[in-house]
Amino acid sequence: MRYTEKMDENYKSHRSVLQQNIREQLHTDNLREGPGDAGSTRRAFSLLTDLPPDPNILDIGCGPGMQTVEVAQLIGNGRITALDLKSAFLEELSRRAKSADLDDKVVTVQGSMFDLPYPPNSFDAIWCEGAIFIIGFEKGLNEWAAALKPRGYLAATHLSWLKTNIPDEPKRYWAKAYPAITSVEQNLEIANRAGYEQLGHFTLPPSAWWTDYYTPIERKIAELKGKYADDPVAMSILERSHQESDLYRMYADCYGYVFYVMRKKT
């Protein structure tokens, strides 16, 4: 191997390790892993108008579970099962549920949204805040429907274009970061084709992006810039990490997380 090739290989290895380490530092111990707020959770839940008094709800991709605890406070004698791949998230959620005296209502399960470990007709509702993009909006609606009881509910937040004329900068960014992004109207049509009727949809307020998500991450980015000041590779990664929140500052009117609340037609 030539010297220049070895240098290139070492650079790529260093960058890959740094990216992983920095991502973990930016996202460890955060209250949320994506945009969201308690008011939006409650507003979406209010659209589930005829749940049984003891509903059985599945929260898919629950993360550290702020929304899980919020829903648990709203379900009377029901139970919410929180599913996530990361054990650290589930442990944090268990601590939060216990602290809120809700541990009898919250069950944590380590598992994948790509292969739900439940028989058909298991749940009165499926909840998913900020995670359905992992499997894809259409794929999630289609595949998760089997776990819902007849006429069961599904409530999910999903990144969506909010207008038709999108400026080039956010268009280029999301073409790389999440090329599957579509408009609200397209997502409503996807839900209709998947066999759901719409009960309502609304855009999360900008504060749902900042209070428990971007603001804590930006604070950590500033701290890490001090730690990695002498490492140009790390500094470039941190600048890239800051790009997303800067973009939202400028173009919050163009895209956002939309809460889609729907019900199986049969």
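Within the stretch 94-109, residues that are without any contact (Cβ under 8 Å) to a residue 24 or more places away in the chain sit with their Cβ atoms under 9 Å from residues that are of a type in the set (Asp, Glu), at 6+ positions apart or across chains, in these pairs: 94/103. I'd like the full set of residues that are among the charged types (D, E, K, R) and either at pLDDT 95 or above or assigned to a helix (DSSP H, G or I) (or both), limited to the stretch 188-240. Answer for the stretch 188-240, where residues must be among the charged types (D, E, K, R) and either at pLDDT 95 or above or assigned to a helix (DSSP H, G or I) (or both): 189, 193, 197, 212, 218, 219, 220, 223, 225, 227, 239, 240. Every condition in (1) assigned to a loop (DSSP other than H, G, I, E, B); (2) at positive phi is met by residue 165 except one, and the failing one is (2). The conditions of being among the hydroxyl-bearing types (Ser, Thr, Tyr) and not assigned by TED's automatic domain parsing to the domain that holds residue 43 are not met by residue 196. Filtering 163, 139, 171 for residues that are farther than 30 Å from residue 250 by Cβ, at pLDDT 95 or above and of a type in the set (D, E, K, R) leaves a single hit, 139.
If you check 258, 233 for being of a type in the set (Val, Ile, Thr) and over 26 Å from residue 152 (Cα atoms), only one passes: 233.
Among residues of the stretch 71-106 being acidic (Asp, Glu) and touching a Gly at 6+ places or on another chain (Cβ under 9 Å), the one that is surrounded by the most Cβ atoms within 10 Å (Cβ to Cβ) is 84. Of the residues that sit in the stretch 147-203 and are basic (Lys, Arg) and more than 22 Å from residue 43 (Cα to Cα), which one is surrounded by the fewest Cβ atoms within 10 Å (Cβ to Cβ)? Among those that are basic (Lys, Arg) and more than 22 Å from residue 43 (Cα to Cα), it is 176. Collect the residues in the stretch 84-118 that are among the basic types (Lys, Arg), touching a helix residue (DSSP H, G or I) at 6+ places or on another chain (Cβ under 8 Å) and either over 17 Å from residue 74 (Cα atoms) or in a loop (DSSP other than H, G, I, E, B) (or both), keeping them in residue-number order. Matches in the stretch 84-118: 105 only.
State yes or no: is residue 23 assigned to a helix (DSSP H, G or I) and at pLDDT 95 or above? For residue 23, the condition - assigned to a helix (DSSP H, G or I) and at pLDDT 95 or above - is not met.
The values are calculated or read from the model by the stated rules, or taken from the named source; none is laboratory data. Predicted, not measured: the structure shown is a model, and the values here were computed from it. For neighbour counting, all protein chains shown are included, and Cβ atoms are generated from backbone atoms with ideal geometry for every residue, glycine included.
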